[in-house]
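Please read the structure below before turning to the comments.
The values are calculated or read from the model by the stated rules, or taken from the named source; none is laboratory data. Note that the structure is a prediction, hence the values are computed from the model and not measured. Reconstructed Cβ throughout: ideal geometry from the backbone, glycine too, with neighbour counts over all protein chains shown.
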Amino acid sequence: MTEISNETRFLHAIEMGLGAWQWGDRVVWAYGQKYSDKELREGFEVSLNLGVRFVDTAETYGSGYSERLLGKFLKDIDQPVLVATKFFPWPWKITKGFIPRALRGSLDRLGLESVDLYQIHWPSFTLSPEAMMEGMVECVKRGMTRTVGVSNFDEKRMIRAYTTLARHGIPLASNQVHYSLLTRDVERNGTLARCKELGIRMIAYSPLEKGLLSGKYSTQNPPPGVRGSHYADMLKKLPPVIKLLQELGQTHGKTATQVSLNWLICKGALPIPGAKNVKQADENAGGAGWRLTEDEVARLDEATKDIHR
Ligand SMILES: NC(=O)c1ccc[n+]([C@@H]2O[C@H](COP(=O)([O-])OP(=O)(O)OC[C@H]3O[C@@H](n4cnc5c(N)ncnc54)[C@H](OP(=O)(O)O)[C@@H]3O)[C@@H](O)[C@H]2O)c1
């Protein structure tokens, strides 16, 4: 493993984060129906009190509402919070100049002068990794972000981003990818190993596989909305995994949710579960601060080897 740079060391010290896609999103998460700003604020505050101080948002979440809400919450608290947001490379954003302009918009919504991590949300067909990183270099030079990350980048694109930044003496801080017990592509395609080798923090999104790993959903009780059809096949194979998660959880005094999150920490990733309320935020925070044994991790690997995508 290469040495972790001083600029990005803080990210490697974080065990757990909080995802803010739910904050204002009506399409997937039905914001405004069973939860609203009050529940989100309570969840945010309990997270901070339990030591979860890294929040991941994006300019697209709730069409900017997530960033606005975070900005509002930040005004009312004393604890330091590390803020990560993302640039969305819409196909018409064809020059690097769009990146600092988008970050200016995010900073205005957040009410901040700079963020701790600015990420490219997805690769783009109209803007190369090199051009995107040149835009990110501008953001760093202007003091608008402390560090630079990517998201949904495969190993090749990640290396192109890493190399471009390196020419400017800037480390690639992170790659945010879909990673959970039920989605383990990054283990097979080399991205996780490469991140470790280069000192890039892997941030795991959808770490609970959008709620499935809590054990509350089944074929008889599928998740609402688009998740129901998306996960129809996976739900059929889920019961033995949940049983094992619960069994291992009993040994540690933890829930299936907490064991799922801890498995990611044991793999060297930083999970950022989304939470809609105080109960979920409280439970998710309990996924950190302890460790499954190597044998338990191996049992979970084995139990999910034919399920994961
Ligand atoms: N970079 C990207 O492309 C990308 C993509 C996706 C997500 N993300 C980031 O990653 C974060 C997390 O991913 P995600 O929100 O997709 O999925 P997730 O964290 O796997 O699942 C979150 C959902 O699971 C349920 N849940 C959470 N905690 C629970 C608990 N303790 N007990 C029972 N149910 C619980 C809630 O939904 P219900 O109560 O409705 O079941 C919640 O909305 C996002 O908020 C976002 O910041 C990034």
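Computed quantities for the displayed model
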| item | result |
| --- | --- |
| Condition broken by residue 223, with the remaining ones in (1) under 18 Å from residue 56 (Cα atoms); (2) within 8 Å of the ligand (Cβ to nearest atom) satisfied | (1) |
| Long-range neighbours under 7 Å by Cβ, at least six apart or interchain, first residue more than 13 Å from the ligand (Cβ to nearest atom) within region 117-129, second part of a loop (DSSP other than H, G, I, E, B) and among the hydrophobic types (A, V, I, L, M, F, W, C) | 126/94; 127/94 |
| Search result, residues across region 165-207 that are among the acidic types (Asp, Glu) and closer than 21 Å to residue 6 by Cβ | 197 |
| Options 118, 162; residue that is touching a Cys at 6+ places or on another chain (Cβ under 6 Å), among the aromatic types (Phe, Trp, Tyr), buried (at least 20 other Cβ atoms within 10 Å of the Cβ) and under 26 Å from residue 2 (Cα atoms) | 118 |
| Among the candidates 60, 85, 8, 2, residue that is at pLDDT below 95 and under 30 Å from residue 191 (Cβ atoms) | 2 |
| Every residue from region 146-192 that is in a helix (DSSP H, G or I), basic (Lys, Arg) and either away from the ligand (no atom under 16 Å from the Cβ) or within 16 Å of the chain's Cα centre (by Cα) (or both) | 156, 160, 167, 188 |
| Yes/no for residue 34 being within 11 Å of the ligand (Cβ to nearest atom), surrounded by fewer than 14 Cβ atoms within 10 Å (Cβ to Cβ) and of a type in the set (D, E, K, R) | yes |
| Whichever residue in region 246-276 is among the aliphatic types (A, V, I, L, M) and in a helix (DSSP H, G or I) and, among such residues, is farthest from the ligand (Cβ to nearest atom) | 248 |
| Given (1) away from the ligand (no atom under 11 Å from the Cβ); (2) among the charged types (D, E, K, R); (3) surrounded by fewer than 18 Cβ atoms within 10 Å (Cβ to Cβ); (4) assigned to a loop (DSSP other than H, G, I, E, B), number of the condition residue 243 does not satisfy | (4) |
| Test result for residue 215, surrounded by fewer than 16 Cβ atoms within 10 Å (Cβ to Cβ) and not charged (D, E, K, R) | no |
| Evaluation of residue 142 against (1) crowded, with 19+ Cβ neighbours inside 10 Å; (2) more than 29 Å from residue 226 (Cβ to Cβ) (one fails), failing number | (1) |
| Positions within region 86-133 being among the hydroxyl-bearing types (Ser, Thr, Tyr) and in contact with a strand residue (DSSP E or B) (Cβ under 7 Å, 6 or more places away or on another chain), in sequence order | 106, 114, 118 |
| Test: residue in region 235-248 that is in contact with a Pro (Cβ under 8 Å, 6 or more places away or on another chain) and more than 27 Å from residue 117 (Cβ to Cβ) | yes |
| Residue among 46, 28, 55 that is among the β-branched types (Val, Ile, Thr), within 16 Å of the ligand (Cβ to nearest atom) and farther than 21 Å from residue 177 by Cα | 46 |
| Set 206, 214: member being in contact (Cβ under 8 Å) with a residue 12 or more places away in the chain, near the ligand (Cβ under 9 Å from one of its atoms) and touching a strand residue (DSSP E or B) at 6+ places or on another chain (Cβ under 7 Å) | 206 |
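Conditions tested, residue by residue: (1) at pLDDT 95 or above; (2) under 23 Å from residue 8 (Cα atoms); (3) crowded, with 22+ Cβ neighbours inside 10 Å.
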{"site": "266", "(1), (2), (3)": "yes, yes, no"}
{"site": "273", "(1), (2), (3)": "yes, yes, yes"}
{"site": "277", "(1), (2), (3)": "yes, no, no"}
{"site": "281", "(1), (2), (3)": "yes, no, yes"}
{"site": "285", "(1), (2), (3)": "yes, yes, yes"}
{"site": "289", "(1), (2), (3)": "yes, yes, no"}
{"site": "297", "(1), (2), (3)": "yes, no, no"}
{"site": "303", "(1), (2), (3)": "yes, no, no"}
{"site": "307", "(1), (2), (3)": "no, no, no"}
